[in-house]
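J.: Got a structure for you, written out below as structure tokens; questions coming shortly.
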Amino acid sequence: MAMLECWSCGASLDELPRPVTRHMNCPECFEDLHCCRMCRNYAPDASITCTDERTDPPVNKENANFCDYFRPTNAYRAGSRERQVGAKAKLDALFGTRGPADEDAESTDSGGIADPGDDKQAEARRRLDDLFG
């Protein structure tokens, strides 16, 4: 039997019984396993993300589904975490990497009058930090 890895964390799924059912989760990260992301028919670069013409793919590719054409495969991509970190670094470079103390110090100009543009920038940065953690 072929060795399987979780599509999300790369953990070995060899100890799980086969076939992979809709109710199975990864023992390490608890992600659903019977989902588009774990299927060999999943094609994220295509406009229709499933190569099997008979399917009606669900909107969320990471949730468990009832697809009759599901064929598990090793879909873990080791570089996905590095890409996420790289994307966050690019956002930080784009919006600046200022901390809360820096924002307070720069929110007023030399005359002590607050610049409305700085408030909008600080609010945008706060929302980005909330979004990406």
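J.: When the residues of the range 83-104 are narrowed to those that are surrounded by fewer than 10 Cβ atoms within 10 Å (Cβ to Cβ) and more than 30 Å from S8 (Cα to Cα), which ends up modelled with the highest pLDDT?
T.: Step by step, filter the range 83-104, then rank; the result is G99.
J.: Consider A64 carefully, then state whether it is surrounded by 18 or more Cβ atoms within 10 Å (Cβ to Cβ), at pLDDT below 85 and in contact with a strand residue (DSSP E or B) (Cβ under 9 Å, 6 or more places away or on another chain).
T.: Judged against the criteria, A64 is not a match.
J.: In addition: Please enumerate the residues belonging to the range 7-41 that are in contact with a Phe, Trp or Tyr (Cβ under 9 Å, 6 or more places away or on another chain), open to solvent by 50 Å² or more (accessible area, probe 1.4 Å) and not in a loop (DSSP other than H, G, I, E, B).
T.: Within the range 7-41, R37 is the sole residue that qualifies.
J.: Another question, then. Condition first: modelled with pLDDT of 65 or more and either out of contact with any Pro (no Cβ under 9 Å at 6 or more places or on another chain) or open to solvent by 100 Å² or more (accessible area, probe 1.4 Å) (or both). Now tell me which residues in the range 71-82 satisfy that. Show your work before the answer.
T.: Within the range 71-82, the subset modelled with pLDDT of 65 or more is 71-78, 82.
Hits for the range 71-82 are R71, T73, N74, A75, Y76, R77, A78, E82.
J.: Let me ask you something else. Inside the range 5-34, can you point out the residues that are of a type in the set (F, W, Y) and closer than 12 Å to P72 by Cα?
T.: Initially, the range 5-34 is screened for residues of a type in the set (F, W, Y), giving 7, 30.
W7 - this is the single residue of the range 5-34 that is of a type in the set (F, W, Y) and closer than 12 Å to P72 by Cα.
The values are calculated or read from the model by the stated rules, or taken from the named source; none is laboratory data. Note that this is a predicted model, so its numbers are computed, not measured. Heads up, the Cβs are rebuilt from the backbone with ideal geometry, glycines too, and the neighbour counts pull from every protein chain shown. Ligands, DNA and RNA are stripped out before the accessible areas are found, and what is left, the full protein with its side chains, is counted by its heavy atoms. Shrake-Rupley method; radii C 1.70, N 1.55, O 1.52, S 1.80 Å.
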